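Down below is the structure, laid out as C-alpha coordinates.
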Amino acid sequence: MRVSSPLWDAVVFAVMVMVECASIGLTTLSKAAMSGGMSSFIFIMYSYALATLILLPAAFFFHRANLHPMTFSFLCKMFLLGLIGYLMQIFAYTGINYSSPTLAAAMSNLIPAFTFIIAVLFRMENLYWKSSSSLAKSIGTIVSVSGAFIVTLYKGPPIMMDLSSFKSSNWILLSSQSNWVIGGFFFAADAMLSAIWHNFQAAVVKEYPEELTLTFFYSFFGTILSAIGSLIAERDKSAWRLKPDLALITIVYSGMLGYGFCVGAMTWAFHQKGPLYVAMFRPLGIVIAVVMGVLLLGDTFYLGRFD
(Lines give C-alpha, C1' and ligand atoms only; values in the text may rest on other atoms or scores of the structure.)
Protein backbone atom coordinates (compact mmCIF):
# COMPACT_ATOMS: atom_id res chain seq x y z
CA MET A 1 0.00 0.00 0.00
CA ARG A 2 1.44 3.37 -1.02
CA VAL A 3 1.63 6.13 1.59
CA SER A 4 1.65 9.80 0.59
CA SER A 5 2.71 12.58 2.96
CA PRO A 6 5.55 15.14 2.91
CA LEU A 7 7.42 13.35 5.72
CA TRP A 8 7.04 9.90 4.13
CA ASP A 9 8.08 11.28 0.75
CA ALA A 10 11.20 12.69 2.41
CA VAL A 11 11.98 9.26 3.90
CA VAL A 12 11.69 7.55 0.49
CA PHE A 13 13.83 10.30 -1.05
CA ALA A 14 16.54 9.90 1.60
CA VAL A 15 16.58 6.11 1.18
CA MET A 16 17.02 6.42 -2.59
CA VAL A 17 19.89 8.90 -2.15
CA MET A 18 21.60 6.37 0.17
CA VAL A 19 20.98 3.63 -2.42
CA GLU A 20 22.69 5.70 -5.10
CA CYS A 21 25.68 6.48 -2.85
CA ALA A 22 26.05 2.79 -1.95
CA SER A 23 25.78 1.74 -5.62
CA ILE A 24 28.48 4.15 -6.79
CA GLY A 25 30.71 3.07 -3.91
CA LEU A 26 30.27 -0.52 -5.07
CA THR A 27 31.17 0.21 -8.70
CA THR A 28 34.26 2.15 -7.58
CA LEU A 29 35.43 -0.65 -5.30
CA SER A 30 34.71 -3.34 -7.88
CA LYS A 31 36.70 -1.47 -10.56
CA ALA A 32 39.70 -1.31 -8.22
CA ALA A 33 39.34 -4.99 -7.27
CA MET A 34 38.96 -6.16 -10.90
CA SER A 35 41.99 -4.09 -11.86
CA GLY A 36 43.81 -6.18 -9.25
CA GLY A 37 42.77 -9.43 -10.94
CA MET A 38 39.41 -10.30 -9.34
CA SER A 39 37.13 -12.32 -11.62
CA SER A 40 33.80 -10.56 -12.21
CA PHE A 41 31.98 -13.92 -12.46
CA ILE A 42 33.31 -15.12 -9.09
CA PHE A 43 32.67 -11.73 -7.53
CA ILE A 44 29.02 -11.75 -8.59
CA MET A 45 28.50 -15.31 -7.33
CA TYR A 46 29.99 -14.70 -3.88
CA SER A 47 28.08 -11.42 -3.54
CA TYR A 48 24.76 -13.10 -4.35
CA ALA A 49 25.54 -15.96 -1.95
CA LEU A 50 26.39 -13.62 0.94
CA ALA A 51 23.25 -11.54 0.34
CA THR A 52 21.14 -14.71 0.33
CA LEU A 53 22.57 -15.84 3.68
CA ILE A 54 21.91 -12.41 5.21
CA LEU A 55 18.40 -12.04 3.79
CA LEU A 56 17.09 -15.50 4.75
CA PRO A 57 16.73 -14.86 8.52
CA ALA A 58 15.68 -11.24 7.92
CA ALA A 59 12.88 -12.24 5.54
CA PHE A 60 11.68 -14.97 7.91
CA PHE A 61 11.69 -12.63 10.92
CA PHE A 62 9.83 -9.73 9.29
CA HIS A 63 7.35 -11.62 7.09
CA ARG A 64 6.68 -14.88 8.92
CA ALA A 65 3.22 -13.70 10.09
CA ASN A 66 1.86 -12.61 6.68
CA LEU A 67 3.89 -14.65 4.21
CA HIS A 68 2.12 -15.34 0.90
CA PRO A 69 2.08 -18.96 -0.34
CA MET A 70 5.05 -19.86 -2.56
CA THR A 71 3.21 -20.83 -5.75
CA PHE A 72 4.86 -22.13 -8.92
CA SER A 73 3.88 -18.90 -10.68
CA PHE A 74 5.62 -16.83 -7.98
CA LEU A 75 8.80 -18.92 -8.18
CA CYS A 76 8.84 -18.60 -11.99
CA LYS A 77 8.57 -14.82 -11.68
CA MET A 78 11.38 -14.71 -9.14
CA PHE A 79 13.55 -16.96 -11.34
CA LEU A 80 12.99 -14.59 -14.25
CA LEU A 81 13.85 -11.59 -12.06
CA GLY A 82 16.99 -13.42 -10.93
CA LEU A 83 17.96 -14.18 -14.54
CA ILE A 84 17.47 -10.57 -15.67
CA GLY A 85 19.35 -9.35 -12.60
CA TYR A 86 22.26 -11.71 -13.22
CA LEU A 87 22.56 -10.62 -16.84
CA MET A 88 22.47 -7.00 -15.64
CA GLN A 89 25.44 -7.68 -13.37
CA ILE A 90 27.41 -9.41 -16.13
CA PHE A 91 26.92 -6.51 -18.56
CA ALA A 92 27.56 -3.88 -15.87
CA TYR A 93 30.79 -5.35 -14.52
CA THR A 94 32.09 -6.15 -17.99
CA GLY A 95 31.48 -2.50 -18.88
CA ILE A 96 33.25 -1.35 -15.71
CA ASN A 97 36.19 -3.60 -16.54
CA TYR A 98 36.49 -1.97 -19.98
CA SER A 99 35.95 1.62 -18.84
CA SER A 100 35.24 3.19 -15.44
CA PRO A 101 32.60 3.64 -12.71
CA THR A 102 32.09 7.19 -13.93
CA LEU A 103 30.94 6.01 -17.35
CA ALA A 104 28.70 3.49 -15.57
CA ALA A 105 27.04 6.35 -13.67
CA ALA A 106 26.74 8.48 -16.82
CA MET A 107 25.21 5.67 -18.88
CA SER A 108 22.79 4.86 -16.07
CA ASN A 109 20.97 8.02 -17.18
CA LEU A 110 19.51 5.76 -19.85
CA ILE A 111 17.65 3.75 -17.21
CA PRO A 112 14.95 6.39 -16.48
CA ALA A 113 14.43 6.86 -20.22
CA PHE A 114 14.12 3.14 -20.95
CA THR A 115 12.00 2.62 -17.84
CA PHE A 116 9.59 5.32 -18.98
CA ILE A 117 9.34 3.89 -22.51
CA ILE A 118 8.68 0.35 -21.23
CA ALA A 119 6.19 1.61 -18.63
CA VAL A 120 4.26 3.45 -21.36
CA LEU A 121 4.32 0.43 -23.69
CA PHE A 122 2.94 -1.84 -20.96
CA ARG A 123 0.50 0.84 -19.73
CA MET A 124 2.10 1.15 -16.32
CA GLU A 125 2.54 4.86 -17.05
CA ASN A 126 -0.03 7.04 -18.82
CA LEU A 127 1.16 9.41 -21.53
CA TYR A 128 -0.87 12.54 -22.28
CA TRP A 129 0.74 14.92 -24.74
CA LYS A 130 -1.23 17.87 -23.39
CA SER A 131 0.05 17.17 -19.87
CA SER A 132 3.13 19.12 -18.75
CA SER A 133 4.27 16.10 -16.71
CA SER A 134 4.15 13.73 -19.71
CA LEU A 135 5.85 16.33 -21.90
CA ALA A 136 8.66 16.78 -19.35
CA LYS A 137 9.17 13.01 -19.11
CA SER A 138 9.29 12.71 -22.91
CA ILE A 139 11.82 15.53 -23.24
CA GLY A 140 13.86 14.01 -20.41
CA THR A 141 13.91 10.68 -22.25
CA ILE A 142 15.30 12.31 -25.41
CA VAL A 143 17.91 14.27 -23.43
CA SER A 144 19.00 11.14 -21.49
CA VAL A 145 19.51 9.07 -24.64
CA SER A 146 21.34 11.93 -26.40
CA GLY A 147 23.56 12.52 -23.38
CA ALA A 148 24.50 8.86 -23.20
CA PHE A 149 25.68 8.90 -26.83
CA ILE A 150 27.70 12.09 -26.24
CA VAL A 151 29.34 10.75 -23.08
CA THR A 152 30.31 7.51 -24.87
CA LEU A 153 31.49 8.86 -28.23
CA TYR A 154 32.70 12.44 -27.61
CA LYS A 155 35.88 13.32 -25.76
CA GLY A 156 36.67 16.98 -25.21
CA PRO A 157 39.61 18.65 -23.45
CA PRO A 158 40.53 17.48 -19.93
CA ILE A 159 39.02 19.43 -17.02
CA MET A 160 39.99 17.30 -14.00
CA MET A 161 42.67 14.64 -14.11
CA ASP A 162 45.11 12.73 -11.95
CA LEU A 163 48.74 13.90 -12.33
CA SER A 164 49.89 10.42 -13.32
CA SER A 165 47.61 10.64 -16.39
CA PHE A 166 50.11 13.02 -18.03
CA LYS A 167 52.56 10.12 -18.34
CA SER A 168 50.25 8.02 -20.51
CA SER A 169 51.52 7.27 -24.01
CA ASN A 170 49.55 7.71 -27.26
CA TRP A 171 48.92 4.00 -27.86
CA ILE A 172 47.50 3.62 -24.37
CA LEU A 173 45.18 6.58 -25.04
CA LEU A 174 43.90 5.03 -28.28
CA SER A 175 43.32 1.71 -26.54
CA SER A 176 41.47 3.51 -23.75
CA GLN A 177 39.19 5.27 -26.26
CA SER A 178 38.33 1.94 -27.92
CA ASN A 179 37.64 0.28 -24.58
CA TRP A 180 35.51 3.26 -23.56
CA VAL A 181 33.13 2.75 -26.50
CA ILE A 182 32.95 -1.01 -25.87
CA GLY A 183 32.18 -0.33 -22.22
CA GLY A 184 29.48 2.12 -23.27
CA PHE A 185 27.68 -0.53 -25.32
CA PHE A 186 27.77 -2.95 -22.39
CA PHE A 187 26.31 -0.26 -20.15
CA ALA A 188 23.57 0.47 -22.71
CA ALA A 189 22.58 -3.22 -22.66
CA ASP A 190 22.67 -3.13 -18.85
CA ALA A 191 20.42 -0.04 -18.86
CA MET A 192 17.83 -1.77 -21.05
CA LEU A 193 17.80 -4.85 -18.82
CA SER A 194 17.64 -2.63 -15.73
CA ALA A 195 14.58 -0.86 -17.13
CA ILE A 196 12.88 -4.20 -17.76
CA TRP A 197 13.85 -5.34 -14.25
CA HIS A 198 12.49 -2.11 -12.70
CA ASN A 199 9.09 -2.49 -14.31
CA PHE A 200 8.85 -6.24 -13.74
CA GLN A 201 9.91 -5.94 -10.09
CA ALA A 202 7.37 -3.15 -9.54
CA ALA A 203 4.61 -5.38 -10.95
CA VAL A 204 5.67 -8.34 -8.80
CA VAL A 205 5.86 -6.33 -5.57
CA LYS A 206 2.27 -5.18 -6.09
CA GLU A 207 1.21 -8.81 -6.11
CA TYR A 208 3.58 -9.95 -3.34
CA PRO A 209 4.24 -6.95 -1.02
CA GLU A 210 6.85 -8.71 1.16
CA GLU A 211 9.92 -6.79 0.02
CA LEU A 212 12.53 -8.75 1.99
CA THR A 213 11.12 -12.08 0.81
CA LEU A 214 11.25 -10.92 -2.80
CA THR A 215 14.82 -9.71 -2.34
CA PHE A 216 15.80 -13.05 -0.77
CA PHE A 217 14.40 -15.10 -3.67
CA TYR A 218 15.99 -12.71 -6.16
CA SER A 219 19.39 -13.26 -4.50
CA PHE A 220 18.76 -17.01 -4.14
CA PHE A 221 18.11 -17.54 -7.85
CA GLY A 222 20.92 -15.12 -8.65
CA THR A 223 23.28 -17.30 -6.60
CA ILE A 224 22.27 -20.45 -8.52
CA LEU A 225 22.56 -18.78 -11.93
CA SER A 226 25.87 -17.07 -11.12
CA ALA A 227 27.31 -20.35 -9.79
CA ILE A 228 26.45 -22.05 -13.10
CA GLY A 229 27.89 -19.11 -15.04
CA SER A 230 31.09 -19.14 -12.96
CA LEU A 231 31.62 -22.87 -13.46
CA ILE A 232 31.37 -22.36 -17.23
CA ALA A 233 33.35 -19.13 -17.57
CA GLU A 234 35.99 -19.40 -14.85
CA ARG A 235 38.20 -22.52 -15.06
CA ASP A 236 41.07 -21.13 -12.98
CA LYS A 237 40.73 -22.70 -9.51
CA SER A 238 42.81 -19.98 -7.88
CA ALA A 239 40.15 -17.40 -8.82
CA TRP A 240 37.71 -19.14 -6.45
CA ARG A 241 39.95 -18.72 -3.39
CA LEU A 242 39.10 -15.86 -1.04
CA LYS A 243 41.95 -13.91 0.54
CA PRO A 244 41.93 -11.06 3.08
CA ASP A 245 42.40 -8.37 0.45
CA LEU A 246 40.44 -5.74 -1.48
CA ALA A 247 38.48 -8.42 -3.37
CA LEU A 248 37.10 -9.83 -0.11
CA ILE A 249 36.21 -6.35 1.16
CA THR A 250 34.39 -5.68 -2.12
CA ILE A 251 32.46 -8.96 -1.89
CA VAL A 252 31.34 -8.21 1.68
CA TYR A 253 30.38 -4.67 0.70
CA SER A 254 28.48 -5.94 -2.33
CA GLY A 255 26.65 -8.71 -0.47
CA MET A 256 25.58 -6.50 2.42
CA LEU A 257 25.02 -3.09 0.82
CA GLY A 258 24.83 -3.87 -2.90
CA TYR A 259 22.57 -6.91 -3.25
CA GLY A 260 21.23 -6.71 0.30
CA PHE A 261 20.43 -3.10 1.15
CA CYS A 262 20.23 -1.57 -2.35
CA VAL A 263 18.02 -4.21 -3.97
CA GLY A 264 15.82 -4.43 -0.87
CA ALA A 265 15.45 -0.65 -0.61
CA MET A 266 14.68 -0.33 -4.32
CA THR A 267 12.05 -3.06 -4.07
CA TRP A 268 10.48 -1.19 -1.15
CA ALA A 269 10.60 2.07 -3.12
CA PHE A 270 8.96 0.35 -6.12
CA HIS A 271 6.08 -0.51 -3.81
CA GLN A 272 5.88 3.03 -2.46
CA LYS A 273 6.43 5.16 -5.56
CA GLY A 274 6.67 2.99 -8.67
CA PRO A 275 9.49 2.12 -11.10
CA LEU A 276 9.93 5.54 -12.73
CA TYR A 277 10.48 7.30 -9.40
CA VAL A 278 13.27 4.86 -8.51
CA ALA A 279 14.92 5.16 -11.92
CA MET A 280 14.93 8.96 -11.75
CA PHE A 281 17.61 8.90 -9.05
CA ARG A 282 20.20 7.43 -11.40
CA PRO A 283 21.53 10.81 -12.67
CA LEU A 284 22.56 11.66 -9.09
CA GLY A 285 25.18 8.94 -9.28
CA ILE A 286 27.27 10.72 -11.89
CA VAL A 287 28.22 13.50 -9.46
CA ILE A 288 29.29 10.97 -6.84
CA ALA A 289 31.11 8.86 -9.42
CA VAL A 290 33.11 11.79 -10.85
CA VAL A 291 34.48 12.69 -7.41
CA MET A 292 35.24 9.07 -6.45
CA GLY A 293 36.75 8.26 -9.86
CA VAL A 294 39.14 11.23 -9.88
CA LEU A 295 40.16 10.95 -6.21
CA LEU A 296 40.31 7.15 -5.76
CA LEU A 297 40.96 5.66 -9.21
CA GLY A 298 42.91 8.42 -10.96
CA ASP A 299 40.26 8.90 -13.68
CA THR A 300 40.48 11.90 -15.97
CA PHE A 301 37.46 14.18 -16.28
CA TYR A 302 37.09 15.50 -19.84
CA LEU A 303 34.52 17.83 -21.31
CA GLY A 304 31.96 15.27 -22.50
CA ARG A 305 33.40 12.18 -20.90
CA PHE A 306 35.68 10.58 -18.33
CA ASP A 307 38.66 8.16 -18.58
Handout entry: Of the criteria (1) at pLDDT below 75; (2) open to solvent by less than 40 Å² (accessible area, probe 1.4 Å); (3) hydroxyl-bearing (Ser, Thr, Tyr), which one residue 132 fails
Key = (2)
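For (1) hydrophobic (A, V, I, L, M, F, W, C); (2) closer than 19 Å to residue 111 by Cα, each residue gets a yes or a no:
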residue	(1), (2)
20	no, yes
24	yes, yes
36	no, no
43	yes, no
69	no, no
Fill in the blank from the handout: In the set 199, 179, the lone residue that is among the polar types (S, T, N, Q) and within 18 Å of residue 31 (Cα to Cα) is 179
Handout entry: Subset of the stretch 228-238 (residues that are assigned to a helix (DSSP H, G or I), of a type outside the set (Ser, Thr, Tyr) and open to solvent by 30 Å² or more (accessible area, probe 1.4 Å))
Key = 228, 231, 232, 233, 237
Problem - Matching helices (runs of 4 or more DSSP H) fully within the stretch 254-306 where at least 3 residues are touching a strand residue (DSSP E or B) at 6+ places or on another chain (Cβ under 9 Å), at pLDDT below 80 and not hydroxyl-bearing (Ser, Thr, Tyr) - result: 284-296
Exercise for the section: Under 7 Å between Cβ atoms, at least 6 apart or on separate chains: pull out the pairs that start in the stretch 19-35 with a residue that is under 11 Å from residue 251 (Cα atoms) and of a type outside the set (Ser, Thr, Tyr) and end on any residue that is part of a helix (DSSP H, G or I) and open to solvent by 20 Å² or more (accessible area, probe 1.4 Å). Expected result: 26/253; 26/257; 29/253; 33/246; 33/247
Handout entry: Filtered residues of the stretch 252-287 (kept if of a type in the set (Ser, Thr, Tyr) and either open to solvent by 50 Å² or more (accessible area, probe 1.4 Å) or under 12 Å from the mean Cα position of the chain (by Cα) (or both))
Key = 253, 254, 259, 277
Handout entry: Tabulated pairs, the stretch 234-254, first under 12 Å from residue 34 (Cα atoms), second of a type in the set (Val, Ile, Thr) and surrounded by 12 or more Cβ atoms within 10 Å (Cβ to Cβ), C-beta under 7 angstrom, 6+ apart or interchain
Key = 239/42
Completion exercise
Scanning the stretch 1-22 for residues that are small (Gly, Ala, Ser), modelled with pLDDT of 80 or more and open to solvent by 30 Å² or more (accessible area, probe 1.4 Å) gives 10, 14
Practice task
Working only within the stretch 179-195, note down all residues that are in contact with a Ser or Thr (Cβ under 9 Å, 6 or more places away or on another chain), crowded, with 19+ Cβ neighbours inside 10 Å and not small (Gly, Ala, Ser).
Solution key: 180, 186, 187, 190
Handout entry: residue 179 vs. criteria at pLDDT 70 or above and out of contact with any strand residue (DSSP E or B) (no Cβ under 7 Å at 6 or more places or on another chain)
Key = yes
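The values are calculated or read from the model by the stated rules, or taken from the named source; none is laboratory data. This structure is a prediction, so every number in the text was calculated from the model and none was measured. Neighbour counts run over all protein chains shown; Cβ positions are idealised from the backbone, glycine included. Remember, those area values only see protein heavy atoms, side chains included, never the ligands or the DNA or RNA. Shrake-Rupley method; radii C 1.70, N 1.55, O 1.52, S 1.80 Å.
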